[in-house]
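Worksheet: one structure, shown below.
The values are calculated or read from the model by the stated rules, or taken from the named source; none is laboratory data. None of the values given here were measured: they were computed from a predicted structure. Cβ atoms come from the backbone with ideal geometry, glycine included; neighbour counts cover every protein chain shown. Note: areas computed on protein heavy atoms with side chains; ligands, DNA, RNA excluded. Shrake-Rupley method; radii C 1.70, N 1.55, O 1.52, S 1.80 Å.
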Amino acid sequence: MDIKVKVGELSKTRTDAILFSIFEGVKKLQGDLADVDKVLGGEIAKLIRQGEIKGKLSEITLIHSLGKVPVSRVTIVGLGKNKELTQDKIRIAVAEACNFLCEKGARSIATVALGAGSDGITPQISAQAITEGAILGSYGFRRHITKDSEQGEIKHLIIVGQNKANKTAIQHGADEGKIMAEAANLARDMVNEPSNYMTPTNMAEEARKIAEKYGLEIEVLKRAQMKKLGMGALLGVAQGSNQPPKFIVLKYQGNNSGTIDIALVGKGITFDSGGISLKPSENMGDMKGDMAGGASVLAAMSAIAQFKPKVNVMSIVAATENLPGGRAFKPADVLTAMNGKTIEIETTDAEGRLTLADAISYANKQGAKRIVDIATLTGACVVALGDVTTGAFTNDQGLVDKVITAGSEVGDKIWQMPMFEEYKTQNKSDVADLKNAGGKKAGAITAALFVGEFAENTPWVHLDIAGTSLLDKPKGYYGKGATGVPTRTLVRLVLSLRKRG
Ligand code: BES
Ligand code: MN
Ligand code: ZN
């Protein structure tokens, strides 16, 4: 989608549709909307009086201008109550309005800095939210459909500012929003891709493409190198598959200090069948998305490379399939992880934490100052928080606070879960240092505690996105399928670590 910023009057813009907004409970029209209403003979005011336009969030009203203004469609989207307006509501309203207009055949839309002037909403913030809403909301995954889509897409979005100063702010917001939303869509593409198109090798190629396009350093370790490093936990998982595992490391250098300010570690199971502890076949296909954490860290790097903060970031994805077979690892096997800890395999379906164990040990060995891992780790987290909220687990309150704040700034809901010592007994093994599953109770927490054993004393946050990475029906700026969560949170987090000077 091409985004342009102009100075002028919205009602004079020549696009397929123009988009205004209205707050809930507004009786008297003001500004641009009042001007258009006048030209339309008071039609909008009438709809408000009659109760058709209420201004509720995402309520859409289409008025055909019948030649009275240069644009044939005048659209008004509700933003809910003025006092309760957030950036995320702007994203949602714009996404829904774009989808509505796209279905009506519009290919170009013009709007203004919707909601700007409300508490905390500057023209820049509004423009960013509008851009993100439009780009995220228009996303579709149609790569494997051979016939031409009848659906079409919105190709042009124009945000109209009132004056030059305003235009600069709006331009900044639009530029930032475009980078953020396109990164999230890149993550969605990788997650939606079926596992025969998104093998560990393909994932490494995606990472290479990102590295080349944005000038990042990349290293991809093969099985032999993983063996040398002693990554026995990761290699145990990879044993059952004919697809070679890939240990992907992408580096962004924002300063010359030589320290890694943060390592982003994403779970990269390109298909999780459960292995010998095979999953039931119902919905097993969803497990093509078990690399959503990995996709989000690679995609976040594409945005970070464009924002260029003075922060050094390393992102790591230990990519492999988890399949049964003659060479597969088995329940009761004992694996030795890179940091020397031994692990009894209770179930081969608790594979994510094994791959994270070695990826996190690698980050530690490289000297990462902070580690954030992102993983579709447990069904238990889906039971606890549904598809609305990501679970956060930590050994460092300061860092998790930063992550949660970054999430709230971009509209990703994140909730901290407890990590009390008492739960640790569930991960105890009779034959090894740890076992890879801690029973039915508190499954998201015992999984997090397992992963935490490998973060050791480094400040660390674990995000369980099992519920939030995939949706079974569209919602706001999300379509059905991959959400791209928490790509934008990760970018915002890294920007929040920005060093001065
Ligand atoms: N990839 C799954 C977790 C998952 C479940 C992600 C549902 C998305 C939606 C993970 O590897 C897994 O299988 N976890 C098991 C762990 C259990 C066997 C200890 C689970 O949650 O059932
Ligand atoms: Mn599993
Ligand atoms: Zn898994």
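Some notes on this structure:
- Farthest toward the positive end of the dipole of region 369-493, out of N457, A384, I371, is the Cα of A384, where the dipole comes from beta carbon charges about the Cα centre.
- Remark: region 172-187, residue by residue, has Karplus-estimated 3J(HN,Hα) of 4, x, 5, 4, 5, x, 5, 4, 4, 5, 5, 5, 4, 5, 5, 4 Hz, where x stands for each Gly or Pro and the curve is 6.51 cos²θ - 1.76 cosθ + 1.60 at θ = phi - 60°.
- Prolate/oblate/rounded call for region 238-312, Cα gyration tensor, a/c under 1.5 rounded: prolate
- Bins of 10 Å, starting at 0 and running to the largest distance - Cα pair percent for region 244-285: 19, 32, 23, 15, 10, 0
- Among the listed pairs K6/K155; K308/K480; K155/K310; K28/K89; K178/K480; K46/K104, those beyond 27 Å (Cα-Cα): K308/K480; K155/K310
- For R73, distant residues with modelled amide H under 5 Å away: I18, S65
- The chain: calculated mean residue ellipticity at 222 nm from DSSP helix runs of at least 4, using -39500 (n - 2.57): -11500 deg cm²/dmol
- Rounded, prolate or oblate (a/c below 1.5 giving rounded, otherwise prolate when a/b exceeds b/c) for region 193-497 by Cα gyration tensor: rounded
- Shown for the chain: the carbon plus sulfur share of the solvent-accessible area, taken with all protein chains present and a 1.4 angstrom probe, equals 49%.
- Gyration tensor verdict on region 119-277 (Cα atoms; rounded if a/c is under 1.5, prolate if a/b is larger than b/c, oblate otherwise): oblate
- Nonlocal amide H pairs with I371, under 5 Å, H built at 1.01 Å: A263, W460, V461
- The coefficient of translational diffusion for region 85-132, derived via Stokes-Einstein from the alpha carbon Kirkwood radius under 25 °C and 0.890 mPa s, stands at 223 µm²/s.
- With all protein chains modelled, accessible area of E176 [1.4 Å, Å²]: 40 Å²
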